[in-house]
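> So that we are looking at the same thing, I have put the structure below in structure tokens.
The values are calculated or read from the model by the stated rules, or taken from the named source; none is laboratory data. Here the structure is a predicted model, which is why all the values come from computation and not from measurement. Note: ideal-geometry Cβ built from the backbone for every residue, glycine included; neighbour counts use all protein chains shown. Accessible surface areas use protein heavy atoms only, side chains included; no ligands, DNA or RNA. Shrake-Rupley method; radii C 1.70, N 1.55, O 1.52, S 1.80 Å.
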Amino acid sequence: MDKEYFMKKALAEARKAFDEEEVPIGAVIVKDGKIIARAHNCKECKNDTTMHAELLAIQKASKKLKSWRLTGCEMYTTLEPCPMCAGAIINSRIKKVYIGANDDKSGAVGSILNLLEDYKFNHIVEVEKGILEEECKNILKDFFKYLREMKKQVK
């Protein structure tokens, strides 16, 4: 299985978020070539700002492995993690993160700051960007276009 395969699975999670009128971000966590956790944003439905796809995937993977240490795991996320999620990625000891699209407004893996590569934390996370970048950008563009259209209909 390749990077694009797993990013497509993260995109499938993002589509679930879109269908629930959540910002369409999806994440999967892979260990030994198998998906052990998948999640999408649930901030709106849970009324909880911490319900980001990456955090939810980390929680599910930790439960599955019965450990907070996700050593040897890789994360695929459709959008560059925010500072909260980047911190959780470091603290959970994820080996590598594959990112679809950059987040120029709140990205913490190179766009605004780079928590995973510019600082000397006790754990180093490898990063690879641009996996299915156009697809990851387009689902977000389509979602915000949809929201604007919905607002016009309400007026």
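> Suppose we filter THR49, THR71 for residues that are among the polar types (S, T, N, Q), over 12 Å from the mean Cα position of the chain (by Cα), surrounded by fewer than 21 Cβ atoms within 10 Å (Cβ to Cβ) and within 21 Å of ILE124 (Cα to Cα); which single one remains?
That would be THR71, the only listed residue that is among the polar types (S, T, N, Q), over 12 Å from the mean Cα position of the chain (by Cα), surrounded by fewer than 21 Cβ atoms within 10 Å (Cβ to Cβ) and within 21 Å of ILE124 (Cα to Cα).
> Where the second residue is not in a strand (DSSP E or B) and the first is at positive phi and lies in the stretch 19-32, which pairs have Cβ atoms under 9 Å and are six or more apart or on separate chains?
Short answer, once both residue conditions are applied: GLU21/GLU44; GLU21/CYS45; GLU21/PHE143; GLU21/TYR146; GLU21/LEU147; GLU21/MET150; ASP32/GLY72.
> Contact list please: Cβ distance under 8 Å, first residue in the stretch 60-76 and among the acidic types (Asp, Glu), second residue open to solvent by less than 60 Å² (accessible area, probe 1.4 Å) and part of a helix (DSSP H, G or I), pairs at least six apart or on different chains.
GLU74/PHE6
> Just one of the numbered conditions (1) under 22 Å from LEU11 (Cβ atoms); (2) free of Cβ contacts under 8 Å to residues at least 12 places away in the same chain is not true of LYS151; which one?
(1)
> Now for a separate question. Across the stretch 87-120, which residue is farthest from GLU134 (Cα to Cα) among those that are of a type in the set (A, V, I, L, M, F, W, C) and open to solvent by 20 Å² or more (accessible area, probe 1.4 Å)?
ALA88
> Within the bounds of the stretch 121-134, is there any residue that is of a type in the set (Gly, Ala, Ser), more than 25 Å from LEU147 (Cα to Cα) and in contact (Cβ under 8 Å) with a residue 24 or more places away in the chain?
Scanning the stretch 121-134 turns up at least one residue that is of a type in the set (Gly, Ala, Ser), more than 25 Å from LEU147 (Cα to Cα) and in contact (Cβ under 8 Å) with a residue 24 or more places away in the chain.
> Right, another one. Mind checking whether some residue in the stretch 92-109 is within 17 Å of the chain's Cα centre (by Cα) and free of Cβ contacts under 8 Å to residues at least 12 places away in the same chain?
For the stretch 92-109, residues within 17 Å of the chain's Cα centre (by Cα) and free of Cβ contacts under 8 Å to residues at least 12 places away in the same chain: present.
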